[in-house]
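J.: Sharing a structure with you now.
Please treat every number below as a calculation from the coordinates, not as lab data. Please read these numbers as outputs of a predicted model, since none were measured by experiment. Positions of Cβ are backbone-derived with ideal geometry, glycine not excepted, and every protein chain shown enters the neighbour counts.
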Ligand SMILES: [Zn+2]
């Protein structure tokens with residue numbers, strides 16, 4: 001980070017009465033737009049520079065387009081654009097805090113990265129990942145794991161243009177317009193706190209709803225991580241309808257498997273071959289004109305789309321030309337179960353008890369701040 005940028009973020013925190021309450025706040029870089037052909041930027045009292053820090057005098061709002069050598073802003077070509085404002089900068093109508101950088105993406109379209117104090121990021125994240133109407137101890141648990149996850153990714157992706165996606169690929173983040181006082185309270189009451197194992201910040205994976213048992217990292221990613229073992233969780237089943245159903249034409253499933261690089265042709269049947277100890281599908285067998293192909297459950301879910309096939313906890317059967325899938329839960333199942341945490345909080349457990357339940361063997365530590 002340039003000295004100028006560091007100063008700018010610190011100054012913005014002071015102007016906005018910054019929740020980070022530190023002159024050198026921990027910051028994160030979040031990709032808030034990727035691959036868009038154009039973006040519209042707006043904001044009161046915004047400071048504008050190009051990517052080298054040269055001040056720009058441009059009329060707001062800004063229409064930014066990807067061009068061959070960089071970006072075009074209101075008809076002017078620049079290598080990149082940096083925007084900051086005392087309160088918020090609007091990107092396609094959504095408000096963001098901190099400093100926004102617009103540049104040509106490495107693949108196509110525009111990349112917009114928001115660099116902001118981690119604690120501010122967490123306040124916005126609460127209502128994207130859960131709801132601030134949930135019990136306060138569940139909000140605090142979410143704040144601590146999202147902070148831990150962000151710090152882990154920040155260290156792992158040091159030197160990359162950004163460290164966090166704003167989607168389920170990392171953590172959902174829709175900017176500051178969804179912040180509220182309960183979300184801010186959950187973040188402030190756990191300020192700087194992270195989950196550690198063996199003295200190091202953990203990779204705090206979490207998911208929406210495990211439907212009865214969380215999953216070990218080994219069965220999803222093939223890697224045993226001591227604090228990511230599966231644990232029983234009956235709490236999420238009381239709080240939320242967990243079942244889901246899908247009816248998909250077999251031809252469509254075949255097309256999606258092919259698009260994911262799985263070589264099948266003329267699929268006749270798909271069956272569960274094996275389940276793991278948490279009950280989720282470990283492997284499926286796909287029977288086509290040429291024989292049998294074994295497809296891991298996690299690869300099948302990825303091929304069909306994470307939002308369509310909500311988890312690998314499902315049964316599948318054929319009905320004529322269709323696949324009927326009955327499933328339960330939502331997400332990869334690893335780490336904390338958000339709906340389970342909600343119920344545990346409602347049952348009177350505090351966030352420390354919730355976290356040490358879902359991540360066996362961990363401790364809480366103050367990573368920074370007072
Ligand atoms: Zn659960």
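J.: Which residues in the range 106-150 have a backbone N closer than 19 Å to a point placed 7 Å from the Cα of residue 177 along the Cα-to-Cβ line?
T.: The answer is 112-115, 121-132, whose backbone nitrogens lie closer than 19 Å to the label point.
J.: Please compute the Kirkwood hydrodynamic radius over the chain, one decimal place, Å, based on all pairs of different Cα atoms.
T.: Computed over the chain, the radius equals 22.3 Å.
J.: Could you line up 167, 84 from fewest to most neighbouring Cβ atoms inside 10 Å?
T.: Lowest count first: 167, 84.
J.: Treating the angle as unsigned and between 0 and 90°, give the value, to the nearest 10°, between the Cα long axis of helix 136-156 and the longest Cα principal axis of the chain.
T.: The angle comes out near 80 degrees.
J.: Order these by the 10 Å Cβ neighbour count, fewest first: 244, 221, 134.
T.: Ordered by Cβ neighbours within 10 Å, fewest first: 221, 244, 134.
J.: Over the range 243-328, what is the relative contact order in percent, taking alpha-carbon pairs closer than 8 angstrom and at least six residues apart?
T.: Across the range 243-328, relative contact order equals 34 percent.
J.: Which distance in Å, rounded to a whole number, links the C-alpha centroids of the range 183-262 and the range 96-127?
T.: With the range 183-262 and the range 96-127 each reduced to a Cα centre, they are spaced 24 Å.
J.: Also: When a footprinting reagent is the concern and you count Cβ atoms within 10 Å, what order do 119, 107 take, fewest first?
T.: Fewest to most other Cβ atoms nearby, the residues stand as 107, 119.
J.: Given R₀ = 45 Å, what would the calculated FRET efficiency be for residue 346 paired with residue 68, taking r from the Cβ atoms and rounding to 0.05?
T.: 0.20
J.: For the range 243-328, what D do you get in µm² per second when you plug the Kirkwood radius from alpha-carbon pairs into Stokes-Einstein at 25 °C and 0.890 mPa s?
T.: Estimated via Stokes-Einstein, D reaches 194 µm²/s.
J.: How tilted is helix 118-129 with respect to the longest principal axis of the chain? Cα atoms for both, answer in degrees (0 to 90, nearest 10).
T.: 40
J.: Taking the Cα atoms only, what angle lies between the long axis of helix 250-259 and the longest principal axis of the chain, rounded to 10 degrees?
T.: Around 50 degrees separate the two axes.
J.: Find how much the distance from residue 317 to residue 262 grows on full extension, using 0.36 nm per residue of separation minus their present alpha carbon separation; answer in nm with one decimal.
T.: Extending this stretch completely gives an extra 17.8 nm.
J.: Distance between Cα centroids, the range 264-288 to the range 307-338: provide it in whole Å.
T.: The range 264-288 and the range 307-338 have Cα centres separated by 12 Å.
J.: Starting from the Kirkwood radius over alpha-carbon pairs of the range 162-205, derive D by Stokes-Einstein at 37 °C in a medium of 0.692 mPa s and give it in µm² s⁻¹.
T.: The calculation lands on 258 µm²/s.
J.: Per DSSP H run of at least 4 residues, take -39500 (n - 2.57); add these up for the chain, divide by its residues and hand me the 222 nm value, nearest 500 deg cm²/dmol.
T.: After summing the helix terms and dividing by residue count, I get -8000 deg cm²/dmol.
J.: Counting only DSSP beta bridges with both residues in the chain, tell me the antiparallel percent, nearest 5.
T.: That works out to approximately 95 percent antiparallel.
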